[in-house]
Amino acid sequence: MKSNNTSTTYTLKKPAIEIPLDKQIDKLFQKTLQKLPVYKDLPRLAGRIIIEKYTPTQAPSDPSSSSSTTITTENTNIQSSETVDTNKKRKSKALSLKLSKDFGELGKDNEDKLELEPLESQETNENKVWKTVKSVIFKLSELYENEETQNKIKSTFNSEKAPSDYQLSLPQLFNECMEEKTSKVIKILKLIHQNIIYIGCYELKINVPYLMVNLTKDVRGPEGWRINVFKGKDTTTVIHTRREEAMDKKFYFEWQLHITLSGKDLDEVSFASLKITDLVFDPSASLQFKQEVSRSLCNGNLFVM
């Protein structure tokens, strides 16, 4: 690896054999929970997860077209102590993106947000995190599991206090109320952890020439990593949005990793894509620098793979 005097330039080589993105993710997805960092990462990521449900409904007949469809949306933004204030929450841009055949071409119509009750200020941080983790699991179970399983999940998790060690407690709780091979909740959570991001980050670096030779770093905090779960009619799409910045902080960009699960039991990774979606410069950046980076990153609108 070569670097210049400012330590912001380096060289990253492409692998001899390139594996398709969806194949890499599916290989990871097929591993058991015990071999993935789900139990470790869920407590710190739960507050960054937005869960949305899309329900197609028949619209009034339109004489100019043979058929028309509208979309109603249920949106649950689950907040933890590390997330930004509720009044400053960023509205999801992903509604206009093509995620799957279910809602990819339908666009954004109606959006109804279902807000969870605010966390009590007097609660300890441990209890806040535990409440947020449970909220994610309960919301997913409401969308994907039958009533009997929902009640079993809620009873199991509500009977426990905030764990001192999630990696020890969560496996036992999961085993008590969910079957790993059939639970859709577990299958979705298997796409929400650090190892998934490693795949996207690596592919981004080796497929974008500018990023192969110019070092960037993760942005810390709530805006640095955001996760959306979209439930469609027959598919579910998980979107990871990451923000990275130049070492000298002259610009930052955002990239997204889209993963779509399909099949009756959501047991197939049917689609995956990686794209750069935003590019923002610091006011101190020169015009020449802006032009160079904008050309390299397609003004923050670059489909990578």
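Read-outs: derived from the displayed coordinates by stated rules, not from any lab. Since this is a predicted model, take the numbers as computed values, not measurements. Here the Cβ is made from the backbone with ideal geometry for all residues, glycine too, and neighbour counts use every protein chain on show.
Residue separation of K217 and Q172 scaled by 0.36 nm, minus their Cα-Cα distance, works out to 12.6 nm of gained length. With 0.36 nm allotted per residue and the present C-alpha distance subtracted, the T277-D248 stretch has 8.4 nm of extension available.
Amide H to amide H, with H built 1.01 Å from N, N214 comes under 5 Å of Y10, counting only residues 5 or more places away or on other chains. For region 165-282, relative contact order (Cα pairs under 8 Å, six or more residues apart, normalised by length) works out to 18 percent.
Summarising the amide proton neighbourhood of I50: residues at separation of 5 or more, or on other chains, whose placed amide H is nearer than 5 Å comprise I227, N228, V229. In plain terms, the chain from N158 to K23 could stretch by 44.9 nm, reckoned as 0.36 nm per residue minus the Cα-Cα distance. Scoring 145-157, 249-261 by mean Cβ neighbours within 10 Å over their residues and listing the highest first yields 249-261, 145-157. For region 270-277, 3J(HN,Hα) computed residue by residue from phi via the Karplus equation (6.51, -1.76, 1.60; θ = phi - 60°) reads 8, 7, 8, 8, 9, 8, 8, 10 Hz, glycine and proline entered as x. Taking 28 Å as the limit for the C-alpha separation, the pairs K249/K275; K190/K249; K134/K231; K40/K290; K154/K181 exceed it in the case of K190/K249; K40/K290. Under 5 Å between amide hydrogens, built in the peptide plane, is the criterion, and for M305 it picks out L274 among residues at least 5 positions away or on other chains. The label point for Y210 and the one for S296, both projected 7 Å from the Cα toward the Cβ, are 0.7 nm apart.
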